[in-house]
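One structure below.
Quick note: the coordinates plus some simple rules give every number you see, no bench work behind them. Nothing here was measured: the structure is a model prediction, and the numbers come from that model. Here the Cβ positions follow ideal geometry from the backbone for every residue, glycine too, while neighbour counts run over all protein chains shown.
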Amino acid sequence: MKILVIEDEPKAAEYLRQGLAESGYLVEVAANGVDGLHAAASGDHDLVVLDVMLPGIDGFAVLSALRTGKQVPVLMLTARDRIDDKVRGFELGADDYLVKPFQFPELLARVRALLKRNQAVPGDPVVRVGELEIDPVRHRATRGGQRIDLSAKEFALLSLLAQKTGQVLSRTQIASLVWDIHFDSDTNVVEVAVRRLRAKIDDPFPEKLIHTVRGVGYVLERRV
Ligand code: CA
């Protein structure tokens, strides 16, 4: 498992490199956004740990550049505990978010969760809703045979909705199951993610599968 760490502060970068290496990962460190983007584009990393505050191009810019090509899971780090940053990160396609300072075991738990989510689970059946197919083994979604590129979080969200086809899930439930967020104020993250998901799986097609249940939440089902 290869992890790319994009972090400009030498002490923090070394802390991450050492901790992750001791946990059995191959670690590459980039000290700024430009190098990080180059490393990510040319490497085959299983995960990117991306600091928001970087000289030159910041973490948000790195993330949006990365998302135009790669679907590698991204864990963002920031010193700013601001909901705006969190939403912006998720909107740009970050898969998880960790506020500095953090304890290493917390980072490790999130790294493992992201890597696990991206790994194949043998024997899991393909979920089908109309012409939408979600394959948890190959971590792949298609609609009408067309491959849909989803970030790890988007895939997790779609899988959750698909597993509960026909059941209305509240924003709070989704926030807690997909993001491990347990505060009502954070459900904005869910709305942003549902919007992104809809743009990919529903907007190009006449039949809509994700429905908003006003005042309650969302449901994935066929309504024809
Ligand atoms: Ca930094």
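Looking at the range 13-33, which of the residues that are of a type in the set (A, V, I, L, M, F, W, C) and surrounded by fewer than 16 Cβ atoms within 10 Å (Cβ to Cβ) is farthest from the ligand (Cβ to nearest atom)?
L26
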* Asked: Out of curiosity, is L77 surrounded by 17 or more Cβ atoms within 10 Å (Cβ to Cβ) and within 13 Å of the ligand (Cβ to nearest atom)?
  -> yes
* Asked: If R214 passes every condition in (1) among the basic types (K, R); (2) crowded, with 16+ Cβ neighbours inside 10 Å; (3) without any contact (Cβ under 8 Å) to a residue 24 or more places away in the chain but one, which one does it miss?
  -> (2)
* Structure fact -> With the first residue restricted to the range 133-145 and required to be touching a residue at least 12 places away in the same chain (Cβ under 8 Å), and the second required to be in a loop (DSSP other than H, G, I, E, B) and buried (at least 20 other Cβ atoms within 10 Å of the Cβ), Cβ contacts under 7 Å at 6 or more apart or on different chains are A141/L150
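Of everything in the range 180-204, what is in a loop (DSSP other than H, G, I, E, B) and in contact with a Leu (Cβ under 9 Å, 6 or more places away or on another chain)? Give them in sequence order.
To start, the set of residues in the range 180-204 that are in a loop (DSSP other than H, G, I, E, B) comprises 180-183, 202-204.
The answer is D202, and nothing else.
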